[in-house]
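To start, the structure itself, in structure tokens.
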């Protein structure tokens, strides 16, 4: 079958020690058997490594800062669309996700397709709402306490023993073993990400993650679980291995069935010594380690593109167990002209 030519615009090219999913997502779609993909990289910073990886993106555009308003971002995307005729837009950061969700119909009228959770789905899985989410969908969730002020730490101590997890509303998480560490984490997180800061009961066990793609109708199109083997000081997986875990898979399928989740998702769970699973976080996007799923036999990025374009996609059931990924650092040597071009012209 002749491949269909499409143009993909995607963010998340920050492939650093806090990696975005853009680079592995692009690698996946370039391996597609059904699509010939022209890739438009969308960046915020002029040192995002994805800008400089040869053969990754056909063109790069810089977006206005993530603190900008919705109209500014969408107008910039419309400008890019006029030049590149975007078929599919895949945004990755929380701030832009919400802006794009609110403008899905506006973009679709231009011919720009997306495949994202609904605003309700996005909001109900937010970290400070996770206990209610667990009750609604029948999943164990650690107890949590929303901190709006430093004075509430004493109240938190009445509910939890140390250690506790201290998390930002969007990103960042720290283990705190005493009151002073909670204060430090609170100040660091609230300054960067705002409020509330979430104090979460610490669950002892093994952290396991699963990348999932739901079709919005209750069907799990793809799902691959893994255990982190090497974790950075930012808590990011630098190595992992696919698992055979039917209980975790059934929990995931049940959640997708009940919530009718639309789009990519990463579930972060703790498996206790008793074999119980606690949901500690839901990221409303495909994670940066998605290339492991591709290597294990499920090209989830390709499936997401098909869903965005309205194709019928059969669930991918099989994946290879015991497949590993190991992330590495690599020095890119680039000419100053390329850096200057993105800095001055906001496009390459």
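The values are calculated or read from the model by the stated rules, or taken from the named source; none is laboratory data. Being a predicted model, the structure only gives us computed values, none of them experimental. Backbone-built Cβ (ideal geometry, glycine too); neighbour counts: all protein chains shown.
Among the residues of the range 1-11, the one identified as modelled with pLDDT of 95 or more and assigned to a loop (DSSP other than H, G, I, E, B) is 11. Please determine, by comparing only the residues of the range 106-129 that are farther than 18 Å from residue 76 by Cβ and out of contact with any strand residue (DSSP E or B) (no Cβ under 8 Å at 6 or more places or on another chain), which one is surrounded by the fewest Cβ atoms within 10 Å (Cβ to Cβ). The residue in question is 120.
Only residues that are in a loop (DSSP other than H, G, I, E, B), touching a strand residue (DSSP E or B) at 6+ places or on another chain (Cβ under 9 Å) and over 26 Å from residue 98 (Cα atoms) were counted in the range 154-180, giving 5.
Could you please let me know if residue 268 is modelled with pLDDT of 95 or more and either in contact with a strand residue (DSSP E or B) (Cβ under 9 Å, 6 or more places away or on another chain) or surrounded by 13 or more Cβ atoms within 10 Å (Cβ to Cβ) (or both)? Give the steps one after another, and end with the answer.
Details: modelled with pLDDT of 95 or more: yes; either in contact with a strand residue (DSSP E or B) (Cβ under 9 Å, 6 or more places away or on another chain) or surrounded by 13 or more Cβ atoms within 10 Å (Cβ to Cβ) (or both): yes.
So residue 268 passes the test.
Among residues of the range 200-214 being in contact with a helix residue (DSSP H, G or I) (Cβ under 9 Å, 6 or more places away or on another chain) and modelled with pLDDT under 95, the one that is surrounded by the fewest Cβ atoms within 10 Å (Cβ to Cβ) is 201.
Remark: residue 217 matches the filter, which requires a residue to be assigned to a loop (DSSP other than H, G, I, E, B), modelled with pLDDT of 95 or more and either in contact with a strand residue (DSSP E or B) (Cβ under 7 Å, 6 or more places away or on another chain) or not assigned by TED's automatic domain parsing to the domain that holds residue 23 (or both).
Residue selection: residue 148 fails the criterion of being outside the structural domain of residue 93 (by TED's automatic domain parsing), more than 23 Å from residue 282 (Cα to Cα) and in contact with a strand residue (DSSP E or B) (Cβ under 9 Å, 6 or more places away or on another chain).
For every residue, the table says whether it meets (1) in a loop (DSSP other than H, G, I, E, B); (2) touching a residue at least 40 places away in the same chain (Cβ under 8 Å); (3) surrounded by fewer than 16 Cβ atoms within 10 Å (Cβ to Cβ).
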| site | (1), (2), (3) |
| --- | --- |
| 14 | yes, no, no |
| 29 | no, yes, no |
| 53 | yes, yes, no |
| 65 | yes, no, yes |
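If you go through the range 221-258 and keep only what is in contact with a helix residue (DSSP H, G or I) (Cβ under 6 Å, 6 or more places away or on another chain), buried (at least 22 other Cβ atoms within 10 Å of the Cβ) and not in a strand (DSSP E or B), you end up with just 255. Of the residues making up the range 67-101, those that are under 22 Å from residue 216 (Cα atoms), in contact with a helix residue (DSSP H, G or I) (Cβ under 6 Å, 6 or more places away or on another chain) and assigned to a helix (DSSP H, G or I) are 99, 101.
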